[in-house]
């Protein structure tokens, strides 16, 4: 079993083509655990951001185990929650490094909305999934956006 998992992981790491539309990918294997692949053309900042996102998927793999992780991925609602958690990790990484919470939160919502597998979900369902996975980021984003709107209103009134 260990040998088969190692051979499978090695073959995947070497022979699986890169996905031009994806910056990274995490594979979850029995016994071997998570294996990550990153697009070679990423800048240092893009790679760091992608590592935060894929790191969340690797943590899910370790937490759930390969079989449960695979089964969760078959259910669209569970896949949405896992992806929301990964986008939350990515957004938190960017905010911790000086990014704006409300811009990162909006970007995460947009990325979920753009994924073909989540198009059947309403915008509210996508927003609720993201908010449930990162409530502190959602609160910070709402506060920053309210402050921005208030400053904008003051500038218009002046």
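Here, each number is a calculation from the coordinates, and none is a lab measurement. Keep in mind that this is a model prediction, so the values were computed, not measured. Quick reminder, even Gly has a Cβ in these numbers, built from the backbone with ideal geometry, and neighbours come from all protein chains shown.
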Handout entry: Simple spin-label estimate for residue 107 and residue 139 in nanometres, 7 Å along Cα-Cβ
Key = 2.4
Problem - For the stretch 43-158, the spread of Cα positions along each principal axis, largest first, Å - result: 60, 33, 23
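Between residue 22 and residue 124, what FRET efficiency follows from the Cβ-Cβ distance if R0 is 30 Å, with the result rounded to 0.05? The partial results should precede the final answer.
Values: r = 26 Å, r/R0 = 0.88.
It comes out at approximately 0.70.
What FRET efficiency would be calculated for the residue pair residue 31, residue 71, taking the C-beta separation as r and a Förster radius of 22 Å, to the nearest 0.05?
Working: r = 17 Å, r/R0 = 0.77.
Here the calculated transfer efficiency is 0.85.
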Problem - Folded to 0 to 90 degrees: helix 2-15 orientation relative to the chain principal axis, Cα - result: 60
Problem - Helix 76-96 axis, angle to the chain major axis (alpha carbon atoms, nearest 10°) - result: 60
Practice task
Compute the projected area of the convex hull of the Cα atoms of the stretch 23-106, averaged over all viewing directions, and report it in nm² to one decimal place.
Solution key: 5.8
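So if R0 is 22 Å, what FRET efficiency would residue 96 and residue 146 give, r being the distance between their Cβ atoms, rounded to the nearest 0.05? Show your work: numbers first, answer last.
On the way: r = 21 Å, r/R0 = 0.97.
The pair residue 96/residue 146 has a calculated efficiency of 0.55.
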Fill in the blank from the handout: Longest principal axis of the chain (C-alpha) makes with the long axis of helix 101-114 (C-alpha) an angle, in degrees to the nearest 10, of 50
